[in-house]
Amino acid sequence: MTSTTDNNSAASKKDRPIAISVKNVFKQFTIPHEKISTLRSAFVNFFKRNSYESFYALKDVSFEVKKGEFFGIIGRNGSGKSTLLKILAGVYTANKGVININGLVSPFLELGIGFNPELSGRDNIYLNATVLGLCEKEIDEKFDSIVAFSELERFIDQKIKNYSSGMQVRLAFSVAIHANREILLMDEVLAVGDSNFQSKCLREFVRYKDMGKTVILVTHDISTMRKYCDRAMLLRSGEVVMIGSAEEVANGYIYQNMSDEERRVMRDQEMARIKEQKGAKGSKAEDAERDGDGGKAVVITGVEFLDKNGKPKNVFVSGDDMSIRVYFKQHKEVAELNFGLAIYNDDGNYAFGVNTFMDEVDTQKYKKNGYCQVDYKNIPLRTNSYYVGFAIYGDNVHNAYDYVPRMKSFQVFSKDKNFGMVNIGYKWN
Amino acid sequence: MPSRFMTKSHENYRELVMRIAKTDFKLRYHGSVLGYVWVILKPLLMFTILNFVFSSIFNFRNSGTPYYPLELLTALLLFQFFSEATMTGLMSLVNKAQLVTKIYVPRWTIVLGSTMNALFVFGMNLIVLALFFVYYGRIPTLGGVAMFIVYALLLYILAVAFSFLTAPFYVRFRDLSTIWEVLLSVIMYASPVIYPLTSLPVRYWQIILLNPFAFIVNYSKQGLINNNYTTFWHFMAMVAGIVLAGVIAFLVFRKYEKTVAELI
């Protein structure tokens, strides 16, 4: 521990001073395979090595937060965001790296900020406000305001153990914001508590920010982050993926989730294929069922989304080229064959549709190939999930040989800074 | 080297320690019918039993220790003070896990605050002790009282040092509380608590007084009752030993407290 480096107040206030700076921080956890909490097991383990496993919860994390900033930390479960917050709060100590915090921190980690379940709400307010650095006189003054904000007037003399988790969070949050410290660390506060209280908390954040205080918010709610954070950081398995504007990071997070989703879908398909090759029976029987479905002349058997190189894919970036390929089987010879394809978004809105009948396409080559393919150039869809519907019919559009309204979904992620369903090319004039 | 720079991590340590101590005191007898009466009742009951056994059976009163009940009560209170302070100190971090894992509080304030409860209780019991001295018609000299206070403070420092040394390890090894419980009774019987030092052969005195607890108990009651003190150099050696133990304990604590939150 070294004392503070003199933060020269002489430094111009124009370029705002740094509130938190984290440089190359590593945090390693050792997980004993069996928790050692008695001397006996420590003794046994002394002779039996290799019973530890260590992993890095944080790997070389560096970032800076300026004073008065609203900084978001986002990432999936296990990405290390809560560990990072605990290090900033001083609960954990980093194994390596330098952390520089300029100002007093009011942490709000998990449920409750060190409440004692046996004490009344009143006593817990006094205990926690003291922990957050208020003196007795200040607490006396702020007590009514703390209780009023938490809306727990009726329960304040009850023991905390009789509180619901939502009530505990309300009280804890109320104490944390009344502590009036320069830096507020918030971990998933919005997960608990009803929507009324959530919006109240968020309003309070904004007020905090207006007062020139620094707020660090850990969340996995993208819309909250977009709405309130100035800047944000995306973590993944303990590493910083990106630091940037909230919008950029939100997009990065969505994209990350989508590529994870892509991988999951691919894996599922792979598994299904392996299963099919191994057992064969289950899926074959299903096929037969579909084939024999009322003795249809033509049956749709599958759909695939392809990128511009013809590689199967389920997640696309807005503006990419994309192909939809639909496989079918013909059981009886039919004179005329027409195909119709529709794209809906996840909310069920009809986004786009085409058919070969209207476009007067010669479908003979499709017959030969056993599939029909539509190529799209630069898909203008914005971020959402979409699914396709497909129909095969003869010369009568209303009498389909086969029709599958909701076949398979794909996802689109948009990097553009605009809103709505589609990205219509535009220019400000 | 991991490091952490901060302007200030906390500004009112004193208030924090006092708040933790007060909270503990509040919780101590909560849910019991007699409540704080137990603070005084518990040592008195112990005293009554031990006094009956040792005054009537071993008859220390008539074999050179006329004020045996006063000696017994003084020693008992000191022992109870020490055992309670060390026990709560040892378990402080685990018992206050919510202050360790959910929020940052300088950890030493938790240990110190937890031990203070024993100090409060001891302070209250001193009133009873004073009444006993009056009842037995033995008014101690000013020097005796002053030395008693000094010894009580030294004992408290010793208990706090023990707590700092052991609290971070109790998080890792919960057997420590059981081990310490046993050791406490060893310490009690190895010190002149229920028996006067004079009832032992003189050759054992020096060995017994090497134990700082025995030293403190013996000379605080000697000072109060018989106006009898140790030599200056012996006293200084003990003070130096306790202060050194305190410094070492605190350094060890600072080293091992860092990982406490992950291990609880």
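The values are calculated or read from the model by the stated rules, or taken from the named source; none is laboratory data. The structure displayed is predicted, hence computed values, not measured ones. With ideal geometry, Cβ positions are generated from the backbone for all residues, glycine too; neighbour counts draw on all protein chains shown. For accessibility, only protein heavy atoms count, side chains too; no ligands or nucleic acids. Shrake-Rupley method; radii C 1.70, N 1.55, O 1.52, S 1.80 Å.
In segment B:132-202, the alpha-carbon atoms span a convex hull of 142 Å³ per residue.
Apolar share of the accessible surface for segment B:2-263: 72 percent from carbon plus sulfur atoms, 1.4 Å probe.
From the convex hull of the Cα coordinates of segment A:48-100, what is the mean projected area in square nanometres?
On the way: hull surface 20.5 nm².
Computing the convex hull of the Cα atoms and averaging its projections yields 5.1 nm².
When the surface is traced with a 1.4 Å probe over the full set of protein chains, B:Met46 keeps roughly 80 Å² accessible. When chain A is treated as a GNM with alpha-carbon contacts under 10 Å, the residue of A:Asn128, A:Asn396, A:Asn338 showing the greatest mean-square fluctuation is A:Asn396. B:Val53 contributes about 40 Å² of solvent-accessible surface, heavy atoms of the protein only, 1.4 Å probe.
Output the relative contact order of chain B, whole-number percent, from Cα pairs under 8 angstrom with separation of 6+ residues.
Numbers: 266 pairs, mean separation 69.4, N = 264.
The value is 26 percent.
About its Cα centre, the dipole of segment A:308-429 is roughly 580 debye, where the only charges are +1 on Lys and Arg Cβ and -1 on Asp and Glu Cβ. Size descriptors for segment A:209-261: radius of gyration and Dmax over Cα atoms are 11.6, 41 Å. For segment A:184-277, the fraction of C-alpha pairs more than 23 angstrom apart is 40%.
Over chain A, what relative contact order in percent results from Cα pairs under 8 Å that are six or more residues apart? Kindly include the intermediate steps, with their values, before the conclusion.
Numbers: 744 pairs, mean separation 57.3, N = 429.
Once divided by the residue count of chain A, the mean separation gives 13 percent.
A helix-only calculation puts chain A at -10000 deg cm²/dmol for mean residue ellipticity at 222 nm, using -39500 (n - 2.57) for each DSSP H run of at least four residues, averaged over all residues. The A-B contact accounts for roughly 4000 square angstrom of buried accessible surface, both chains included, probe 1.4 angstrom.
Under the definition of partner shielding as Cβ atoms of other protein chains within 10 Å of a residue Cβ, what is the mean value for peptide A:135-144? Let's see the in-between values first.
On the way: counts 6, 4, 0, 1, 2, 0, 0, 0, 0, 0.
Mean number of neighbouring Cβ atoms from other chains: 1.
Springs between alpha-carbon atoms under 10 Å, Gaussian network over chain A: tell me which of A:Gly238, A:Gly212, A:Gly370 tops the mean-square fluctuations. Of A:Gly238, A:Gly212, A:Gly370, the Gaussian network model singles out A:Gly370 as fluctuating most.
Our summary of shape: the Cα atoms of segment B:75-208 have principal axis extents of 54, 32, 20 Å, ordered from largest down, in whole angstrom.
Charges at C-beta only: +1 for Lys and Arg, -1 for Asp and Glu. How large is the resulting dipole of the protein assembly as shown about its Cα centre, in Debye rounded to 20? Display every interim value, and only then the final one.
On the way: 79 positive and 64 negative charges, 369 e Å.
Here the size comes out at about 1780 debye.
Determine the calculated [θ] at 222 nm for chain B from helices alone, applying -39500 (n - 2.57) to every DSSP H run no shorter than 4 residues and normalising by the residue count; nearest 500 deg cm²/dmol.
Numbers: 11 runs with 186 residues, N = 264.
Rounded to the nearest 500, it is -23500 deg cm²/dmol.
Normalized C-alpha radius of gyration of segment A:295-429, against 2.2 N^0.38 Å? Could the numbers behind the result be given before it?
Working: Rg = 15.9 Å, N = 135, 2.2 N^0.38 = 14.2 Å.
Cα Rg divided by the expected 2.2 N^0.38 Å: 1.12.
For A:Met322, neighbours were defined as the other residues whose beta-carbon sits under 15 Å from its Cβ, and their charges (Lys and Arg +1, Asp and Glu -1) total +1. Here is the P(r) of chain A: all C-alpha pair distances, binned every 10 Å from 0, give 4, 16, 20, 19, 16, 13, 9, 4, 1, 0 in whole percents. Accessible surface comparison of B:Ser177, A:Ser165, probe 1.4 Å, protein chains only, largest first: the order is A:Ser165, B:Ser177. Percent of Cα pairs in segment B:189-254 per distance bin of 10 Å, from zero to the largest separation: 19, 46, 25, 9, 0. Between 0 and 90 degrees, the angle of helix B:13-28 with respect to the longest Cα principal axis of chain B falls at about 60 degrees. Residue pairs exceeding 18 angstrom between C-alpha atoms, taken from A:Lys67/A:Lys200; A:Lys67/A:Lys142; A:Lys23/A:Lys66: A:Lys67/A:Lys200; A:Lys67/A:Lys142. Peptide B:258-264 has a mean shielding of 5, counted as Cβ atoms of other protein chains within 10 Å of each residue's Cβ. Since only B:Pro43, B:Leu72, B:Tyr229 are under comparison, the one whose Cα sits farthest along the positive direction of the charge dipole of chain B, derived from C-beta charges on Lys, Arg, Asp and Glu, is B:Pro43. Pair-distance distribution P(r) for chain B, from all Cα-Cα distances in 5 Å bins starting at 0: 1, 6, 12, 16, 18, 16, 13, 9, 6, 3, 2, 1, 0, 0 percent. Sorting A:Asp416, A:Asp402 by solvent-accessible area of protein heavy atoms yields A:Asp416, A:Asp402, largest first, with a 1.4 Å probe.
Rounded to the nearest 20 debye, the dipole size of segment A:54-201 about its Cα centre is 500 debye, using +1 on the Cβ of Lys and Arg and -1 on the Cβ of Asp and Glu.
Between the residues A:Asn355, A:Leu306, A:Ile156, the greatest Cα displacement towards the positive end of the dipole of the protein assembly as shown, with unit charges on the Cβ of Lys, Arg, Asp and Glu, is found for A:Ile156.
Partner shielding of B:91-104 amounts to 5, given as the average count of beta-carbon atoms from other chains within 10 Å of each residue beta-carbon. Lysine pair count for segment A:348-429 (Cα-Cα distance under 30 Å; residues 8 or more apart in sequence or on different chains): 13. For segment B:42-143, the ratio of Cα radius of gyration to the globular rule of thumb 2.2 N^0.38 Å stands at 1.43.
Which order do you get for A:Asp60, A:Asp15, A:Asp260 if you rank them by accessible area with a 1.4 Å probe, largest at the top?
Working: A:Asp60 80, A:Asp15 105, A:Asp260 25 Å².
The ranking, largest first, comes out as A:Asp15, A:Asp60, A:Asp260.
Within segment A:409-425, what residues put their amide N at less than 19 Å from the label point 7 Å along the Cα-to-Cβ vector of A:Ser259? Hits in segment A:409-425 for A:Ser259 at 19 Å: A:410-416.
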